[in-house]
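Asker: I have a structure I would like to understand better, so I am pasting it below and will then ask my questions one at a time.
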Amino acid sequence: MQYSLDLIRTTLRGLYPPGEISYFTRMILEELCGFTTVDIVLHKDTILRDEIHKKIASIVERLSHYEPIQYILGSAFFCGRRFAVGKGVLIPRPETEELVDCIIRHNRDVKPSYIADYCTGSGCIAITLAKSFDDAKVEGWDISEAALAFACRNARDNEATVEWGIRDVLAYEPRGNCYYDIIVSNPPYVLESEKATMERNVIDYEPHNALFVPDENPLLFYDAIARIARSELRPGGKLYFEINSRMGDACCKLLQNKGWKEIVIYKDSSGLDRIIEAEKEIC
Ligand SMILES: C[S@@+](CC[C@H](N)C(=O)[O-])C[C@H]1O[C@@H](n2cnc3c(N)ncnc32)[C@H](O)[C@@H]1O
């Protein structure tokens with residue numbers, strides 16, 4: 001195995017920080033050989049089959065072009081479950097796990113019956129909520145057919161029941177079915193001007209329509225989804241957003257101006273504004 005480990009290290013040295021190269025090594029050997037971190041140490045002198053070494057060489061070659069490891073291996077972990085990912089769908093992020101965790105903790109006693117996830121992507125939020133709230137009917141909406149194909153597959157693989165549909169939140173006219181208990185969204189929120197600060201593995205590979213919003217209208221998705229939620233949540237129902245950490249106050253103001261109650265911003269584990277919770281007034 002030493003030969004393969006050397007290939008990973010020498011090819012990626014200088015392209016990624018050492019900690020990330022160790023992380024890739026663990027991911028690759030776990031995926032191809034089923035090795036844990038301890039196994040990697042124990043099997044250092046094991047000779048890997050030629051076929052495995054060739055697979056490692058091909059993965060390393062793709063990593064050297066900054067392709068995300070999750071796209072190369074075809075999956076990512078989210079809240080302890082495996083989700084298929086690939087071209088056309090955003091890789092679930094740890095911040096979004098914190099959003100889902102917040103929703104689960106705050107609604108344990110409410111036992112929600114109807115939940116909608118807008119901009120669902122891989123379906124990671126919708127599926128995790130469907131697995132956490134046994135009796136809830138969960139829907140996941142997105143504009144992208146490619147993303148929804150992954151979401152469907154992920155629901156099947158994780159044995160979750162979610163209803164999926166194509167919906168453009170910027171064009172959708174809500175029908176006023178006031179019965180949802182929770183509406184959640186992690187919409188595109190990265191400013192075009194923030195592109196310059198982002199890593200190549202994101203910019204060159206992940207779908208830009210999942211990430212970016214114009215600098216001159218950064219809250220367009222929040223505005224549109226809050227309008228839908230105001231019409232479709234039941235009185236007292238909850239709206240949850242993941243937000244750009246620079247937009248906490250602006251999002252808060254937007255919701256206040258639209259009559260939302262009990263607006264709270266929560267910070268993520270890095271101490272940045274990341275989640276907004278708001279409640280639809282009880283008329
Ligand atoms: C930041 S990603 C979130 C994906 C997933 N919910 C997650 O947390 O990993 C935003 C998603 O919004 C979708 N999207 C972009 N524009 C949209 C629109 N106008 N209507 C509905 N969905 C849209 C993209 O296809 C993408 O899947």
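The values are calculated or read from the model by the stated rules, or taken from the named source; none is laboratory data. Remember, it's a predicted structure, so these values are computed and weren't measured experimentally. When we count neighbours, we look across all protein chains shown, and the Cβ atoms used for this are built from the backbone with ideal geometry, even at glycine. Each accessible area value is taken on the protein alone, full model and side chains, heavy atoms only, with ligands, DNA and RNA left out. Shrake-Rupley method; radii C 1.70, N 1.55, O 1.52, S 1.80 Å.
Asker: On the first, second and third principal axes, largest extent first, how far apart are the outermost C-alpha atoms of the range 2-65 in Å?
Answerer: The Cα atoms of the range 2-65 stretch 27, 23, 18 Å along their principal axes.
Asker: Among His208, Gly19, His43, whose Cα lies farthest out toward the positive end of the dipole of the chain, if unit charges sit on the beta carbon of Lys, Arg (+1) and Asp, Glu (-1)?
Answerer: Checked the options; the winner is His43.
Asker: For the range 49-55, what does the Karplus curve 6.51 cos²θ - 1.76 cosθ + 1.60, with θ = phi - 60°, yield as ³J(HN,Hα) per residue in whole Hz, taken in order and with x for Gly and Pro?
Answerer: Each residue of the range 49-55 in turn: 4, 4, 4, 5, 4, 5, 5 Hz.
Asker: Could you point to the residue in Ile166, Leu191, Ile115 farthest towards the positive end of the chain's charge dipole, with +1 and -1 charges on the Cβ of Lys/Arg and Asp/Glu respectively?
Answerer: Result: Ile115.
Asker: Scan the chain and report its longest stretch carrying no GluC sites (Glu not before Pro) that are both in a DSSP loop and have at most 15 other Cβ atoms within 10 Å.
Answerer: So the longest stretch without any such site is 1-158.
Asker: While we're looking at this one, here's another question. Considering the chain as a Gaussian network with a 10 Å cut-off on Cα pairs, which listed residue, Ile103, Ile40, Ile225, attains the greatest mean-square fluctuation?
Answerer: Fluctuation is largest for Ile40.
Asker: From the P(r) of the range 25-106, could you give the percentage of C-alpha pairs in the tail past 23 Å?
Answerer: On the way: 1188 of 3321 pairs.
Of all Cα-Cα pairs in the range 25-106, 36 percent lie more than 23 Å apart.
Asker: Moving to a separate point now. Can you show me the helix-derived [θ] at 222 nm for the chain, built from DSSP H runs with n ≥ 4 at -39,500 (n - 2.57) apiece and divided by the number of residues, rounded to the nearest 500.
Answerer: -12000 deg cm²/dmol
Asker: Using a basic spin-label model with each label point 7 Å from the Cα along Cα→Cβ, how many nm lie between Glu20 and Asp223?
Answerer: Distance between the two pseudo-spin positions: 3.5 nm.
Asker: For the chain, state what percent of all Cα-Cα pairs lands in each successive 10 Å bin, counting from 0 Å until the bin that includes the largest distance.
Answerer: Percent of Cα pairs in each bin: 6, 26, 32, 20, 11, 4, 0.
Asker: Okay, moving on. With a 1.4 Å probe and all protein chains kept in place, how do Lys137, Lys55, Lys280, Lys238 rank by accessible area, largest first?
Answerer: Largest accessible area first, the residues go Lys55, Lys137, Lys238, Lys280.
Asker: Kirkwood-based Rg over Rh for the range 39-189 (C-alpha set), two decimals?
Answerer: For the range 39-189, the value is 1.08.
Asker: Also, I was wondering about something else. Please report how many Lys pairs in the chain have alpha carbons closer than 12 angstrom, counting only residues at least 8 apart along the chain or sitting on separate chains.
Answerer: On the way: Lys111/Lys137; Lys238/Lys261; Lys238/Lys280; Lys253/Lys261; Lys258/Lys280; Lys261/Lys280.
Close lysine pairs under the 12 Å cut-off: 6.
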